[in-house]
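Notes to accompany the following structure.
The values are calculated or read from the model by the stated rules, or taken from the named source; none is laboratory data. Just so you know, these numbers come straight off a predicted model, no measurement behind them. Every residue, glycine among them, receives a Cβ derived from its backbone with ideal geometry; neighbour counts consider all protein chains shown. Note: accessible area is taken over every heavy atom of the protein model, side chains too, but ligands, DNA and RNA are not part of it. Shrake-Rupley method; radii C 1.70, N 1.55, O 1.52, S 1.80 Å.
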Amino acid sequence: QVQLVESGGGLVQAGDSLRLSCATSGLTFSSYVMGWFRQAPGKSREFVAAISARGGFTTQALSVKGRFTISRDNAKNTAYLQMNSLKPEDTAVYYCAVKREPVVTTEKMYEYWGQGTQVTVSS
């Protein structure tokens, strides 16, 4: 049974940092692309960042480029999203998801999803 569990969300002030984690089990993590998505209230879910299975390639949405960094530790079956210089518009539920290669930004292509973790940024 494949499981993805996000953690690390919370309430912070604008300009603060948070690091989200996505712990996985039930799959060969090193064979899967990891993606992060987010959904703000009243909006559809959107792509945030993705990393290739071996970690050699990453891509981010323009809205987070230069502020968010995606990484992974295949030995720990865990991926991370380091979020710096947070803004109120980053407030959303953040989800991690996995798929087989190649890296894509399309939500519907991802196979397994976590339950999400809330990030709230106050101004």
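Computed quantities for the displayed model
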quantity	calculated
Cα-based shape type of region 56-123, given that a ≥ b ≥ c are square roots of the gyration tensor eigenvalues and the cut on a/c is 1.5	prolate
Residue 103 accessible area, 1.4 Å probe, all protein chains in place, Å² to nearest 10	30 Å²
Rounded Å value of the spacing that divides the Cα centres of region 92-123 and region 1-73	6 Å
Net charge over other residues, Cβ less than 13 angstrom from the Cβ of residue 55 (K, R count +1; D, E count -1)	+1
log₁₀ of I(q)/I(0) at q = 0.16, 0.17, 0.21 Å⁻¹ - the chain, Debye sum with one point per alpha carbon	-0.68, -0.77, -1.17
